[in-house]
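These notes are about the structure you will find just below.
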Amino acid sequence: MLKKRIIPCLDIKDGRTVKGINFKQIRDAGDPIELAKRYLDEGADELTFLDITATIEQRKTLSKLVEKIAREINIPFTVGGGISSVEDAALIINSGADKITINSAAVKQTDLITNISQQFGSQCVVVAIDTKFNDIFDEVYISGGKIATGKNTMEWAKEVEKLGAGEILLTSMNGDGTKNGFDLAITEKIANAVNIPVIASGGAGSMHDFVDLFTQTKASAGLAASIFHFNEIPIQNLKQYLSSQNIPVRCR
Amino acid sequence: MIAIIDYKAGNNVSVKNVLNGLGFDCIVTSNPNEIQKAEHVIFPGVGEASTAMHFLKEHKLDQLICSLQQPFLGICLGMQLMCKHSEEGQTDCLGIFNSRVRKFPATEIVPHMGWNNLITTDHLLFKGLKPATDFYFIHSYYVESNDASIADCEYILPFCAAMQKDNFYAMQFHPEKSVEAGAIILKNFLTV
């Protein structure tokens, strides 16, 4: 049986792991390689690295980091942050990443999704969607949550699937960093609207939040950062708990 | 020496990294002589079948691969290319195995992505594994269960997860991305 995936996310800034609350108030959370190795030992199913300060000058630094990660980590990992061309994606994939994730660039140039998936296969294209309810509809945000696009989240999700995305990383900005639980309503809506895996992100605060996610939505995976970084929820404990609640997970 | 065939389909880096970590020397190459001389050949790959076959034909690697005598392991797309035909791009493949590659019906999420357990036989590749160990899969097309199958898996329907014929071995999952269990399988293959 296919297992539900638990994915720790490492936000990278200047080569260090950091974590913010509601996309702000950034604090240091350690060396990404050390943290990645710890997650691997704890039983993480995949890892996601997001370079939140990616600039053109730092692209080389990021690809060096990706090479290092690829040498240390034998589970799949995704890298994102500032990827805005097929060449950017190629550099990251050729450095050893299994998947790349694009967000703002996918909104600004939709053919990027198609171009990357044609070259490397749709399985390596994760389109990240940051969403927030604006009192009328669920709206897509870009640029780290700073710019509202006017796009309807559900329609955008369907569109990225058609364009060649292999997976959607859905972050509810209403919940991100608050630890009030995943945004089940939007996750269920999007997971029902598309036929590619949806990774839910934003708001995980307790082990039970993951039970709710996997019993009340069709999400394939749950992604979280701070609860894993600061060891509030060790991944092995989370998996044992999920297993006891009859949710299929990979146990070591 | 182990040769990892480079045919511009996805990343060969991870297979190389795992083999290096296990203490094996390997080269990533599309040079026919180097492939021919290798003691073991690994044929990994993610990507699209028709593009990959086109590259192999253009570089005359298709005939070379079929003629190899040493232990040969296809992974993921590599396994699918060793079959007779793939529905992906309606591609005629290498035909080492007589099976066909089909697209998963869209009754559930496609691709089949994530960790899933094998239903294994007692084949030597699986020596030392705990029962029902999970491996990492990522694919939208599958090989139908067949006579050469040495492990099956189930997602939407039962399909072939690994097969063997003579010196040719193939697996749909990614041993190089499947922690220690994957390393055990690679080691078992390299001691063939």
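Below is a table of values for the structure above.
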read-out: Gaussian network model of chain A, Cα within-10 Å springs - most flexible of A:GLY150, A:GLY202, A:GLY82; value: A:GLY150
read-out: Directionally averaged projected area (convex hull, Cα atoms, chain B), nm²; value: 9.4
read-out: Rg/Rg_ref, the protein assembly as shown, where Rg_ref = 2.2 N^0.38 Å and atoms are Cα; value: 0.94
read-out: Average Cα contact separation per residue, chain B, under 8 Å, 6 or more apart, as relative contact order %; value: 18
read-out: Local electrostatic count at A:LYS3 - Lys and Arg +1, Asp and Glu -1, tallied over other residues with Cβ under 10 Å; value: +2
read-out: Protein-protein interface of region B:1-49, residues with accessible area decrease of at least 20 Å², isolated chain reference, 1.4 Å probe; value: B:ASN11, B:VAL13, B:ASN17, B:VAL46, B:GLY47
read-out: Inter-site label distance for B:LYS37 and A:ARG252 at 7 Å from Cα along Cβ, in nm; value: 4.0
read-out: Accessible area in square angstrom per residue, chain A, 1.4 angstrom probe; value: 39
read-out: Separation of the B:GLU154 and A:PHE230 label points, Cα + 7 Å toward Cβ, nm; value: 4.3
read-out: Whole-Å semi-axes of the ellipsoid equivalent to region B:20-96 (Cα gyration tensor, √5λ, descending); value: 22, 14, 11
read-out: Accessible carbon and sulfur surface of region B:52-167 relative to its total accessible area, %, 1.4 Å; value: 48
read-out: Accessible surface buried upon A-B contact (total; probe 1.4 Å; Å², nearest 100); value: 2400
read-out: DSSP-defined antiparallel bridges as percent of all bridges, region B:2-190, nearest 5; value: 60
read-out: Net dipole in debye of region B:2-190 [+1 Lys, Arg Cβ; -1 Asp, Glu Cβ; about Cα centre; nearest 20]; value: 180
read-out: Summed residue charge, Cβ within 14 Å of A:PRO32's Cβ, Lys/Arg positive, Asp/Glu negative; value: 0
read-out: Exposure of A:ASP212 as accessible area (Å², to 10), given a probe of 1.4 Å and all protein chains; value: 40
read-out: Charge tally in the Cβ shell below 12 Å around A:CYS124, where Lys, Arg are +1 and Asp, Glu are -1, A:CYS124 excluded; value: -2
read-out: Inter-chain shielding of A:113-123 (mean C-beta neighbours from other protein chains, 10 Å cut-off); value: 4
read-out: Label-to-label distance, nm, for residues given as A:GLN216 and B:ASP92 (7 Å Cα→Cβ offset); value: 5.6
read-out: Phi-based couplings in Hz for region B:32-47 (Karplus 6.51, -1.76, 1.60; Gly and Pro marked x); value: x, 4, 5, 5, 4, 7, 5, 7, 10, 10, 10, 10, x, x, 10, x
read-out: Solvent-accessible ranking of A:THR61, A:THR149, largest area first, probe 1.4 Å; value: A:THR61, A:THR149
read-out: Choice from B:GLN70, B:GLN164, B:GLN90 showing the highest fluctuation, given a GNM over chain B with Cα pairs closer than 10 Å; value: B:GLN90
read-out: Descending Cα extents along the principal axes, chain A, whole Å; value: 44, 44, 38
read-out: Cβ-Cβ FRET estimate between B:ALA106 and B:GLU58, R0 fixed at 35 Å, reported to 0.05; value: 0.60
read-out: Most mobile listed residue (A:GLU188, A:GLU167, A:GLU232) in chain A, GNM with C-alpha springs under 10 Å; value: A:GLU232
read-out: R0 of 41 Å, Cβ-Cβ distance B:GLN69-A:ASN237: FRET efficiency to nearest 0.05; value: 0.25
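The values are calculated or read from the model by the stated rules, or taken from the named source; none is laboratory data. Remember, predicted model here, so these are calculated numbers, not experimental data. In this analysis, Cβ positions are derived from the backbone assuming ideal geometry, glycine residues included, and neighbour counts consider all displayed protein chains. Quick note on the areas: whole protein, heavy atoms, side chains included, nothing else; ligands and nucleic acids left out. Shrake-Rupley method; radii C 1.70, N 1.55, O 1.52, S 1.80 Å.
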